[in-house]
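Q: Next up is a structure, given as structure tokens.
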Amino acid sequence: MTMPPLFAAPHRMPFLAGTLGLSGLALWWLVQLVALHAGGPVPPQTTLPASLLHGPAMIYAGFAPLIFGFLLTVFPRWMGQSDIGPSAFGPVGIALLGGVTTLQAGLWAGLDWLVLGGFAAIALGWLIALTALAAVLKRDAGSGRPRCWHAWSALAALALGMTGVSAATAFVVTGDAQFLYVANRLGIGGLLLPVFLTVSHRMVPFFAANVVEGYNRWRPDWLLAALWLLLLARLGGEVLAIAPLTAIANLGLAVATGVMCWRWWPRSSAPGLLLVLVWGFAWAPAGFALAAFDGVFALGGRGPDHALMIGFAGSLMIGMVTRVTQGHSGRPLTMPIAAWIAFAAIQLAAASRIIAAIYVDHGYWLLAAITVFALGLLPWAVRNAAIYLKPRRDGKAG
């Protein structure tokens, strides 16, 4: 029996959820900012201000489903296991797609109960995914193979993210700003940064060694451990309000990721799918350096967060999602025009958002950032969504 396209591979439904989430939330935020800064019509409003819901919605309903789609695909392959089956990934995809759709309906319609239901459904899908991925690690532990530290690292980040999405749900219920702070800090420092650093540590040198002549694949295990120590110090400094610890950790991360970027940079011709990963990774040392500078001089506002979220995580997301989407749909491993447009939009949006933060969230720069982000991602999102809804073009399963 032929599986429906959305159940044909682990990435399809989460990627569809994340694609709809990221593009839909960007358009929603654009409408909100046009109303606030350009005199546009005021859309329906939830009880909690849109400015407070924007952060956790983008993290947990935009980025997170894309992360799950990627990890559900690569997790067993990292450990030489067969792919996760529909009975395991299907409930995850259904919960994430349902949650993202419900959350967005609530935000667009100004209905608090739908926003709450959306976050709750995403949290449920998160829990099911953690269980499925932990089962893969359990099987690997009994195989006698060397431990896959990248898998353990990614699972640890997802566990922190589970706490973050739970805090976001609690914030919608209670309106307590402490829950919002925990949700945002865990979402950025406990989920996005460790996941994208972990996947980069595994994927960039491996991919580069296969496509760049004479490339030296450098990804020592101790580096992954060092990154985690610095990330935890950074997160602890933020949550406990220990500014010197946060600044020192950010400086250490800037140095570490700067060395990684230098070591990984291809010294000869490379395909676009690799270049976007390396170019996107360059936002990491820049973002951490900006965060360290801001910790001392307090000049950057939310700029460092957006340099890391939009510039670093957003750029790598374009590259990684495009790679899986192309390869697992029977298409060539190249960057299509829509992906290049999205990648360029990410760069402009990150730079504009940093400038906006320097000028104390200047309205026109905020509008510039979200306009280029939302409209630049739209062709990529529409193209990808259409691919997830169709069988592979080469007739193979998956």
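Every number in this text was worked out from the coordinates using simple rules, so none of it is lab data. As the structure is a computational prediction, the values presented were derived from the model and not from experiment. Ideal geometry is used to build each Cβ from the backbone, glycine not excepted, and the neighbour counts take in all protein chains shown.
Q: Which of the listed residues, ALA289, LEU155, ALA243, is farthest toward the dipole's positive end in the chain, when Lys, Arg count +1 and Asp, Glu count -1 at the beta-carbon?
A: Going by the charge dipole, the pick is LEU155.
Q: What FRET efficiency do you get for SER82 and SER269 if R0 is 51 Å and r is their Cβ-Cβ distance, rounded to the nearest 0.05?
A: 0.90
Q: Figure the gain on full extension for PHE206 and ASP221 (residue separation times 0.36 nm, minus the Cα-Cα span) and round it to one decimal in nm.
A: Here the segment from PHE206 to ASP221 would lengthen by 4.0 nm.
Q: Give a residue-ordered list of calculated ³J(HN,Hα) values for the stretch 82-93 (Karplus: 6.51 cos²θ - 1.76 cosθ + 1.60, θ = phi - 60°; whole Hz; x for Gly, Pro).
A: Along the stretch 82-93, the couplings run 6, 4, 5, x, x, 5, 9, 8, x, x, 4, x Hz.
Q: Another question, if that's okay. Using a basic spin-label model with each label point 7 Å from the Cα along Cα→Cβ, how many nm lie between VAL296 and LEU48?
A: Between VAL296 and LEU48, the simple spin-label model gives 3.6 nm.
Q: Specify the inter-centroid distance of the stretch 1-39 and the stretch 349-372, based on alpha-carbon positions, in whole Å.
A: 22 Å
Q: Count the net charge of all other residues whose Cβ sits under 14 Å from the Cβ of ALA350, scoring Lys and Arg as +1 and Asp and Glu as -1.
A: Here the charged neighbours net out to +1.
Q: Quick one: which residues, 5+ away or cross-chain, put their amide H under 5 Å from the amide H of TRP265? H built at 1.01 Å from N.
A: none
Q: What nm distance separates the two modelled labels at LEU389 and GLU213, each placed 7 Å from Cα along Cα→Cβ?
A: Here the answer is 4.4 nm between the modelled labels.
Q: I've got another one for you. Place +1 on the Cβ of every Lys and Arg and -1 on the Cβ of every Asp and Glu in the chain, take the dipole about the Cα centre, and give the residue among ALA374, LEU277, LEU107 whose Cα lies farthest towards its positive end.
A: Farthest towards the positive end: LEU277.
Q: Shifting gears a bit: In Å and on Cα atoms, what radius of gyration and Dmax does the chain show?
A: 19.9, 63
Q: Can you compute the charge dipole magnitude of the chain about its Cα centre, using +1 on each Lys and Arg Cβ and -1 on each Asp and Glu Cβ, nothing else charged? Give it in debye, rounded to the nearest 20.
A: Charge dipole of the chain: 1180 debye, to the nearest 20.
Q: Hey, could you get me the Stokes-Einstein D for the stretch 34-172, Kirkwood radius over alpha-carbon pairs, 37 °C and 0.692 mPa s, rounded to whole µm² s⁻¹?
A: For the chosen part, D equals 203 µm²/s.
Q: In terms of the ratio Rg/(2.2 N^0.38 Å) built on C-alpha atoms, what value belongs to the stretch 211-369?
A: Scaled against compact globular proteins, the figure is 1.13.
Q: Moving on to the next point. When the Karplus curve 6.51 cos²θ - 1.76 cosθ + 1.60 is applied with θ = phi - 60°, which whole-Hz ³J(HN,Hα) does each residue of the stretch 54-62 get, with x for Gly and Pro?
A: The phi angles translate into 4, x, x, 5, 5, 5, 8, 10, x Hz.
Q: Taking θ = phi - 60°, what integer Hz values does the Karplus form 6.51 cos²θ - 1.76 cosθ + 1.60 yield along the stretch 103-115, in sequence order, with x for Gly and Pro?
A: Rounded to whole hertz, the list is 4, 5, 4, x, 5, 5, 8, x, 10, 4, 5, 6, 4.
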